[in-house]
Amino acid sequence: MFAKGQTIAQLMEQLAPKHYAVEGDRIGLQLGTLNKPIPKVLVALDVTDEVVEEAIREGANLIVAHHAIIFRPLAKIDTSTPAGRLYEKLIKHDIAVYIAHTNLDVTDGGINDWMADLLGIAQDGRASLEDVHMDKLFKLVVFVPATHSELVQQALWNAGAGTIGQYDRCSFLIEGTGTFRPGAGTNPFIGEQGKLEHVKEVRIEMIVPHSVHRGAIQAMLKAHPYEEVAYDLYPIDLKGRSVGLGRVGKLEDPATLGELAERVKAAFEVPFVRVVGDLDATVRKLAVLGGSGAKYVRHATFAGADVLVTGDIDYHTAHDALAAGMMIIDPGHNVEKIMKQRVAQWLSEKLAERKSTTIVIHSALSTEPFRLV
């Protein structure tokens, strides 16, 4: 059975939650409808005319891409313009377009982590260059009959609750006595209508991040035996886990700038890179940022990185970096193409778990606009 478009969007939002996106970023459904079965998905970096033709040839009726096709509100769609013709072709062939941009950059296991993995930045101590989103924390308190306390705890843990820093399955339990009197029309798990009951209960307290609180509450309610569950959820003044743009950390295998440049070329399959700095200088700490990272040179410097690997570095930024002692390797913007195969594989696995027959492929086309001559 083919998955619906909404299901694929929900899966993408598991990988790259929409609230992780930088403010004002154009993400999510940009054209078409998700209210239809999807026989085939094409994952692409950019949605160009050639990519749309590829989707038509492959029979894909949904393109999941990284770069948006609509950047600002449209006053009109003029089909005599390149953009208008692109929209027209997509609409005529019933191809929807879904975008995961900065939310895919930011998320754990997204583009910036993939870049860091390819270049050998150690997981231990790896951090973001700039925090974009910090998960708010809540305290969940629920009262459970003693016979079901372990079951409810397990359900909450499985839903992502009960994590404090590097510790998981954290909770606090207090035993006590709960009282209630079932009213008319009730179907109590314990007790009888109209009779006051005294039940041995356990008060369970657990930290719940905002990003999972709805799912945690649903899991708790499903596992709880009562038809009316007594629980509280209130915000607490503690910092949750933060996610952000870029990654910085120590190299597992230190190298010279020249050696690292060759590593970048091989990792991202690019014919050349632009380098700022002494090729013989030793690199021990590296920062990476997919896309355009010129404005993050200062962030990399502040983080103590020796080198920043990013795209679209301009002449004056290169001079400023040299003056600040920051080395740069610029492999271009198109290295974000690494998302194509990885997103396609991730979606394929998730759809297979649901026993869906929807096929996910990644674009075989290069959308690199520059040529080396």
*Plugging the Kirkwood radius over Cα pairs into Stokes-Einstein for the range 1-46, at a temperature of 10 °C and a viscosity of 1.306 mPa s, what D comes out in µm²/s?*
134
*Summing -39500 (n - 2.57) over the DSSP H runs of n ≥ 4 in the chain and dividing by its residue number, what mean residue ellipticity at 222 nm do you reach, to the nearest 500 deg cm²/dmol?*
-9000 deg cm²/dmol
*asked:* Restricting to DSSP loop positions (anything but H, G, I, E, B) with no more than 11 other Cβ atoms inside 10 Å of their own Cβ, which chymotrypsin sites (Phe, Trp or Tyr not before Pro) remain in the range 309-373?
replied: PHE370
_the range 2-159, dipole about Cα centre (Lys/Arg Cβ +1, Asp/Glu Cβ -1), debye to the nearest 20_ = 680
_Total charge dipole magnitude, the chain, about the Cα centre, Cβ charges on Lys, Arg, Asp, Glu only, Debye to nearest 20_ = 840
_As an exercise, take the mean of 1/r over every pair of distinct alpha carbons in the range 113-202, invert it, and state the Kirkwood radius in angstroms._
17.3
*In the range 204-268, which GluC sites (Glu not before Pro) are in a loop and have at most 15 other Cβ atoms within 10 Å, using DSSP for the loop call?*
GLU227, GLU228
*Across the chain, where is the longest run that never hits trypsin sites (Lys or Arg not before Pro) in a DSSP loop with at most 14 other C-beta atoms within 10 Å?*
242-353
*Antiparallel content of DSSP bridges confined to the chain, in %, to 5*: 70
*Run down the lysines and flag those whose C-alpha is under 22 Å from the C-alpha of LYS350, throwing out any fewer than 8 positions away in its chain.*
LYS4, LYS18, LYS36, LYS40, LYS337, LYS340
*Where Rh denotes the Kirkwood radius from the mean inverse Cα pair distance, what is Rg over Rh for the chain?*
1.07
*What is the spread of the Cα atoms of the range 146-264 along each of their three principal axes, largest first, in whole Å?*
81, 25, 25
*Kindly sort MET1, MET12 by accessible area of their heavy atoms, largest first, with the probe set to 1.4 Å.*
MET1, MET12
_For PHE180, residues with placed amide H under 5 Å, excluding near neighbours_ = GLU197
*Calculate, for the chain, the solvent-accessible area per residue in square angstrom, rolling a 1.4 angstrom probe over the heavy atoms of the protein chains.*
53
*Starting at 0 and stepping by 10 Å, how many percent of the alpha carbon pairs of the range 1-118 end up in each bin?*
14, 44, 34, 9, 0
*Where the accessible area of the range 1-120 is counted over protein heavy atoms with a 1.4 Å probe, how much of it, in %, is carbon and sulfur?*
53
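The values are calculated or read from the model by the stated rules, or taken from the named source; none is laboratory data. The structure displayed is predicted, hence computed values, not measured ones. Cβ atoms come from the backbone with ideal geometry, glycine included; neighbour counts cover every protein chain shown. Remember, those area values only see protein heavy atoms, side chains included, never the ligands or the DNA or RNA. Shrake-Rupley method; radii C 1.70, N 1.55, O 1.52, S 1.80 Å.
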